[in-house]
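The values are calculated or read from the model by the stated rules, or taken from the named source; none is laboratory data. Every value quoted in this text rests on a predicted model; they were computed, and no experiment measured them. Counting neighbours? That spans all protein chains shown, and the Cβs are built from the backbone with ideal geometry, glycine included.
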Amino acid sequence: MGLFSKLFGNKMLDKQNSNQEDLEDMGELQKRENTSKPSKNANDTGIGMGITMNISTDENYGLSISSSPVGVSTGSTATDFYVYEWFIKNTGEIFYVGKGRGDRYKAFHERAYEAGKICEMYDTDSRFVGTGLTEEQAIELESKEMTRILNETNDRLTNRITPLLTKRGNGYDRSPNTPEPQFETAPCFYACEIDEHYFEIKPRSFDKVKYENLKAVVFITRNIRDEINIIYGEKLEKYQGETIALLSANGNKVLKSKYAKSVTAWIYIGDDDVMNYEIDQKQALEKLGRNIPTYHLIDVWKYLKEKFGEVETFSMEGIPINPIHNRVPLKEIKNLHDWEKGYDEGMPYLEKGDKERKAGNLEQAIELFDLARYNGYNAPVLYKSYAMTYRKLKDYDNEIAIIDEAIERLRSEKINVSETRIMELKERRAKAFALKQKLNSLER
């Protein structure tokens, strides 16, 4: 976390950590390719207008940041820095470039995770590009060498940090053998260039849908990208809503935890890296003692439509909701456009509300969430807590209404929440609609 401290200072870091915990509550962070930003508006910090960031929040693989230059100075005044590179002996391919002092060039470190795997599989060596450098000179030379490799060779670099203005990215891009997305067609688990080139890993298809494995499913919202609009024709909510409604109407459950004991299948909305899939399945074996059938939403949607046909009540369009509540209108809340102050004044009420919710005091919890909202608190965790409480109360109208507000507010106030988190809110919304329909049918 040293980089965040340098960029944003301790106060902003503390708040970002808290906000990041809010996001983690909304679902697992993607292992290799999810995108997040360090604050509501990084430029507000007064740091580096010339820095462009693409940060991958990844507990296993570290950060992916594009900037120019790639390094971050520690302020050292030493003149014994060097730039080094690791390469495969029999092909000469360079797979990692770094800067350091002492024995850094031959030491394993977390940012070189993929490079370490290559060293285990191949006969590799290292060499110096430049020695006797100041830190600033090393940073500049490191960036220059990486730019040369990415612009003048086909070598796949495993560096997570790459210079900004290069002709191609590092080896974490999708391999050329990844099929192009198509309308109403399931994609595949792709192989990145590093995995395919160095480890001979190929793309993998999703499993063929079996109805017996749809009894208790978990939707995976990892890796939601622009290709989603191609696959779903910009109507993802329709496909997911109909799928959830079909599942619910036929006695199947939608779970939240991918490693719940009763889970029978994972349903992906987007795609993912083959390596992530294998990591997930390994964890399933460790936690559950079995692999989990893994389907794509489009395949499940097609299967259920073919099995059960068109059902009029499965459409969510035009269904009225009538939420009754005491929440003040958004325009009347305090600190509406002051995220910092809203955080400070609203967080204590959210924390108290969550304690009441967990204790089963649901009405008191709602009152406290209303106060957190009134004071300007705006983060996914607030709306998640609201939604869970209304779900417990079987107040689906208010659950749907508060989710609608969350999506609109988070986007309009430009809170840096990834599309994955928005999709999780939409997933909960679709489930609430299905439960509302089911409750209405029982009351008739």
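Of the set (1) in a strand (DSSP E or B); (2) surrounded by 20 or more Cβ atoms within 10 Å (Cβ to Cβ); (3) among the acidic types (D, E), all apply to D125 but (2).
Being crowded, with 18+ Cβ neighbours inside 10 Å, among the small types (G, A, S) and more than 30 Å from R174 (Cα to Cα) is not true of A260. Return yes when E345 is farther than 25 Å from K431 by Cα and not assigned by TED's automatic domain parsing to the domain that holds S257 and no when it is not. For E345, the condition - farther than 25 Å from K431 by Cα and not assigned by TED's automatic domain parsing to the domain that holds S257 - is met.
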